[in-house]
1. Probe 1.4 Å, all protein chains in place: accessible area of D94 in Å², nearest 10?
2. For a Förster distance of 35 Å, can you work out the FRET efficiency between the beta-carbons of D223 and D56, rounded to the nearest 0.05?
3. In terms of solvent-accessible area of protein heavy atoms at a 1.4 angstrom probe, what is the ranking of E440, E485, E410, highest value first?
4. Along the positive direction of the dipole of the chain (beta-carbon charges: Lys, Arg +1; Asp, Glu -1; about the Cα centre), which of V72, A390, F34 reaches farthest?
5. Determine which residues of the range 581-618 fall in the zone a paramagnetic label at E634 would reach in this model, i.e. backbone nitrogen under 13 Å from the point 7 Å along Cα→Cβ.
6. Which order do peptides 306-315, 451-460 fall in by mean Cβ count within 10 Å, highest first?
7. When only Cα pairs under 8 Å and 6 or more residues apart are kept, what is the percent relative contact order across the range 33-127?
8. If I fit a long axis through the Cα atoms of helix 367-383 and take the longest principal axis of the Cα atoms of the chain, what angle between them do I get, 0 to 90°, rounded to 10?
Amino acid sequence: MPLKFRNRSLWSGAAGLALLTATGAHGAAPMLGFSPPSADAERALEARFDAGLSADAIRERLRLMSAEPNQVGSPHDKANADYTLAQFKAWGWDAHVEVFSVLYPTPKAEALELVGPVSYKASLVEPPIEGDDSSAHQTGGLPAYLAYGGDGDVTAPLIYVNYGMPADYATLQRLGLDVKGKIVIARYGGGWRGLKPKLAQEHGAVGCIIYSDPADDGYGAGDPYPKGAYRPEFGLQRGSVQDLPIEPGDPLTPGYGAVEGAPRLSLAEAKTILKIPALPISWGEARHFLVALQGPVAPKGWRGGLPFTYHVGGAGAVAHILVQSNWDQKPLYDVIAIMKGAREPDKWVIRGNHRDGWVFGAEDPLSGQIALMEEAKSIGTLAKTGWRPARTLVYASWDGEEPGLLGSTEWAETHAKELQSKAVVYVNTDGSNRGLLSVEASYSLRRLFDEATSSVTDPETGVSVRDRAMADIQVRALAADASPELKARAKSARGGGDLPVGDLGSGSDYTPFVQHLGIASINFGFEGEGQSGGVYHSAYDTFEHYSRFGDPGFVYGVVLAKTTGRMVLRAADADVAPLRFDNLAGTVSAEIDELKKLVVSRREHARAVDRLLDAKAYALVADPTLSSGAPDREEVAPEIDFAPLDQAAERLRAGARAYDEAAARPASKAQAAKADAILQGVEQSLTSEDGLPGRPWYRHLLYAPGLLTGYGSKTLPGVREAIENQQWDVARQYVGRTAAALDAADAKIEQATKALTE
């Protein structure tokens, strides 16, 4: 499901090595959670694990699993589940399939037409591409479709809304335009897909078209497929528009598993299904709609890569959109493989990747799935020699991720109590390709990830994948358009500490584990050099495209398996659960400072807007020949007392320091076991049973997907989004709740410290 674009500068050679020396490259070091003898044994185990990995096996597995369309409910989706199950069993795992029945709408009828001032009927078809045999065999695949959009048959004026994000609607207001009663056309990018029809619906639109502009992932980015990797003229992006920031999973079984006999909501009661029809379209067909628009010339930042003047419209051009879906249930097949732990069988290390795609799904998700299976094969080989993990390994091949994280969410909700009592860590991957590390993680897992990636060699540079990622952060932070977040990471990297990583939002299968159940999680992959974004969610995400442009030679498939294997094996075998909390304390303190600055900036901005409105400045600068309006007044932010958060963060900092010092010393088996039992619940203590404001399914108080970011993370979300939405009483309430959660985490950390030192 996730798609990320990062502009990267190439790095290699002696200059890079000098940079890493200056920033504190890791050499041989103690292994987190292991005594020195245990660490030596673990490194030897990892060498044997690496020897069992094969790029050729990964390649052939991808060829097989991406041979036919494999969306939920397709015959090939079931065939891939059967194949995965059989392979796990052959490799010595105790494997089974768990079946869930979920609401999964599929198109019954759909149409998209321009009915005036000229006529054009969109074909909504992706034709075969020369040299790509898979693209010529789409029988049984989904057509152009956006799952969980509403049914509808509407004809209305067409209006262009750029990326269709909140700032774009503010611009429309300044232009004197609105979308009420109209069909909007938005381009992909700028924010998560599902927000585009949701915001259009909230502003009164009756339909939504989403197209891929060539400036973003077509010929404006590089040569189109098949000459190059980027989106061809008639490539289009399918996807889900389920309201995931409210709640993922089956819309009819919110908060509990979609098992046989489970109560189901009616369609009308489901909170995450939109009301207006929406369809995706290629730029090759979108140009007919866009060129027909009249009205104001689009603002500079709204102009894409098509060879004509972009207009906003709102009058003149009229469109017709029809969507009728089969609102029936379909089975999901989650393949679950277990290798029981020898020392702590009731402590679980869970590893997952999803298996379903929108059409062939070679990059998204099968590039991650085939690495997961290669890991499981090599671990199975180790087990056949008599080795067993200390903690239980659970490998999961999820179904139904693409439409709404269905398989992982239903499984996690069904097994919630058991997972909260047993799960130590969840390790997730999704689509991956050639390039550099991209990672988001719970704070307690960041040291483990730093160490694990220090021992995996990047095949292009010969340094560790961790050190290459460190260099990448610093190089990109020097760019003129570098974000404040990236600059902060670069500053951290220069300090020689752990690899700076991102915060967990949503968009892949880690979501129910960390956001709902409070299980420490990590999500990562390789990206930036493999060129798969241009065929994302299209019929051209094929074996042929991926083997040419995604990961030629499948070298990074092996690197992904090595990296994930180390995370899994170390989390399973460590003498004491390999968690550290200095990152937690330091990062939370920095985020509290950000909240204080946010309140001040909102207050200053509101006062500045008031002054300009009082002085009629917006009217004075408006072009009198064009329709325009002024922004609304903003409420001036009141004072908010952050002292409870500051005090809780300081207590946490002291507790984390004491624990990390204690964990660095040898511990007996009894001490380690007692500490493990306590540490397993630290992440859960950072959640609230009441959840976040307006969306109780999301319970984590330190990070969550933003209501208006979709996938992107909001840190300290209960407080931050209340400030952004000018809900001052809610902000004060969540200052208290978040401070209480930090204190609860600190109490557990102090208990674990005591267990290790008694």
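The values are calculated or read from the model by the stated rules, or taken from the named source; none is laboratory data. Because the structure is a prediction, the values reported are computed rather than measured. Quick reminder, even Gly has a Cβ in these numbers, built from the backbone with ideal geometry, and neighbours come from all protein chains shown. Note: areas computed on protein heavy atoms with side chains; ligands, DNA, RNA excluded. Shrake-Rupley method; radii C 1.70, N 1.55, O 1.52, S 1.80 Å.
1. About 100 Å², ignoring ligands and nucleic acids.
2. Efficiency for this residue pair is about 0.75.
3. E485, E440, E410
4. Result: F34, furthest along the dipole toward the positive end.
5. Correct set: 598-613.
6. Going from most to least packed, we get 451-460, 306-315.
7. Relative contact order of the range 33-127: 10 percent.
8. Compared with the principal axis, the helix lies near 10 degrees.
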